[in-house]
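First comes the structure, then the notes that go with it.
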Amino acid sequence: MYKTPFYYYDLELLDKTIQAVNENLIGTSYKVHYALKANAEEKVLRIISSSGFGADCVSGNEVLVALKNGFSPDETVLAGVGKTDEEIEIAIANNIHSINCESIEEISVIAEIAASRPVNIALRVNPNINANTLPGITTGTLKDKFGIPSNQIWLALEEVANHSNLKFVGLHFHIGSQIRDLEPYKNLAMEVNQIQSYLRSKKISLPHLNLGGGLGINYTKPLDEPIPDFKSYFDIFTKNLEIIENQKVHFELGRSIVGQSASLISKVLYVKQGPELKFAIIDAGMTDLMRPALYNAFHCIENLTSTQAQETYEVVGPICESTDSFGKTALPKTSRGDFIKIHSAGAYGQVLTSNYNLRDLPKAVYSDQVSLYELLK
């Protein structure tokens, strides 16, 4: 028996999700980079890298971990609004595909650190597009800290031109995460078309376009939609983006690849009758799955043990914080010792764990090791 809480990974579903992505790349100039920030478990990374994806990194350590786990340097990119000198040095030393600059000020720093070494530079542009997602994970409006405003692209290009060791290779965009309404992607494609048209009129070539990622998953009914609608996602760019001949279009998918592949398994410690409702107090907390406390995000919760009539509970953890709650939900009558499954925890789950309150970190258990049914015996 594995000690709860633990993360349980369904590797068959992960494989099917990767296959669904790759099926939609056939006949296109599209290249998918996996966003390591979503989940950096080494077994997961090795499976994804072996499927031909590149790597989207936002720290120097992510670059090193990506390369260690089979991602090719020339298909690895580094973004991040606050790259340290050491992180820039890691990217340059490992000859990755490009450093995605997020400010004009960053460009001269990269040139100085590189000295005489050549470096590929992409500019991350803030297109001022609302992604219609949670406020804490929108990244493409002018109130956000990310990217260079569209009206400063020319200034940024002039700064790149001031440094002979920097090579401009393209533009990078990312408007947010957990995007379920695809209309913002159409708006992004139209904005990119305008920017490209302007740059082409100035004789600036764009061999690479990076449209970011952010495609969401179904947290409410994960069993109804275990694999996201990748066809509609890629189709909206195919129909609306004006792709230049020989241009490579990159995407950075994270959550949509791994989000449904893992669940957090916990055990009920107590059922406490409060003045207004019952609390199901479980041994998993915000240290094991931060999203509900961080974003007020919802995860489907299932009692794997009980089949009795449903009641309403607030499912909470043991952490000494009032925000340590997974929310109110209907569950079969729940008792001490019942196993609880929190769905859709493969993205921004294990990677965000902490040992606050000096708690142990949850382990990862994989379906090729043991079935979930066997674990719950």
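Conditions (1) over 25 Å from Gln369 (Cα atoms); (2) under 15 Å from the mean Cα position of the chain (by Cα); (3) at pLDDT 95 or above; (4) surrounded by fewer than 17 Cβ atoms within 10 Å (Cβ to Cβ), marked per residue:
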residue	(1), (2), (3), (4)
Lys31	yes, no, yes, no
Ala38	no, yes, yes, no
Lys43	no, no, yes, yes
Ile48	no, yes, yes, no
Gly54	yes, yes, yes, no
Ser59	yes, yes, yes, no
Leu67	yes, no, yes, no
Phe71	no, no, yes, no
query: Can you find even one residue in the range 347-356 that is in a loop (DSSP other than H, G, I, E, B), closer than 29 Å to Ile47 by Cα and in contact with a Gly (Cβ under 7 Å, 6 or more places away or on another chain)?
result: yes
task: Could you list, in sequence order, all residues of the range 74-94 that are under 15 Å from His250 (Cβ atoms), surrounded by 15 or more Cβ atoms within 10 Å (Cβ to Cβ) and either in contact with a helix residue (DSSP H, G or I) (Cβ under 8 Å, 6 or more places away or on another chain) or without any contact (Cβ under 8 Å) to a residue 24 or more places away in the chain (or both)?
output: Thr76, Leu78
query: Listed residues Lys267, Lys377; which is over 22 Å from the mean Cα position of the chain (by Cα), part of a loop (DSSP other than H, G, I, E, B), within 26 Å of Asp10 (Cβ to Cβ) and among the basic types (Lys, Arg)?
result: Lys377
message: For the range 136-148, check the following and say yes or no: at least one residue is closer than 20 Å to Asp181 by Cα, assigned to a loop (DSSP other than H, G, I, E, B), in contact with an Asp or Glu (Cβ under 9 Å, 6 or more places away or on another chain) and at pLDDT below 80.
response: no
task: Filter the range 1-45 down to residues that are of a type in the set (S, T, N, Q) and part of a loop (DSSP other than H, G, I, E, B) and give me whichever is farthest from Pro207 (Cα to Cα).
output: Thr4
- request: Enumerate the pairs (first residue in the range 5-24 and outside the structural domain of Ser354 (by TED's automatic domain parsing) and surrounded by 19 or more Cβ atoms within 10 Å (Cβ to Cβ); second residue anywhere and assigned to a loop (DSSP other than H, G, I, E, B) and of a type in the set (D, E, K, R)) with beta-carbon separation below 6 Å, excluding pairs fewer than 6 apart on the same chain, so at least 6 apart or on different chains.
  value: Pro5/Asp283; Pro5/Asp288
Scan of the range 312-327 for residues that are part of a strand (DSSP E or B) and surrounded by 16 or more Cβ atoms within 10 Å (Cβ to Cβ), ordered by number: Tyr313, Glu314, Val315, Val316, Ser325, Phe326
task: Mind listing just one residue for me: the one in the range 344-372 that is surrounded by fewer than 22 Cβ atoms within 10 Å (Cβ to Cβ) and touching a helix residue (DSSP H, G or I) at 6+ places or on another chain (Cβ under 8 Å) and, of those, farthest from Thr329 (Cα to Cα)?
output: Asp368
message: Quick check on my filter: what residues within the range 264-300 are under 30 Å from Lys31 (Cβ atoms) and either β-branched (Val, Ile, Thr) or buried (at least 24 other Cβ atoms within 10 Å of the Cβ) (or both)?
response: Arg291
query: Any residue in the range 95-108 that is in a helix (DSSP H, G or I), touching a helix residue (DSSP H, G or I) at 6+ places or on another chain (Cβ under 6 Å) and surrounded by fewer than 23 Cβ atoms within 10 Å (Cβ to Cβ)?
result: yes
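The values are calculated or read from the model by the stated rules, or taken from the named source; none is laboratory data. Computed from a prediction, not measured in an experiment: that's the story for all the values here. Glycine also receives a Cβ, built like all others from the backbone with ideal geometry; neighbour counts cover every protein chain displayed.
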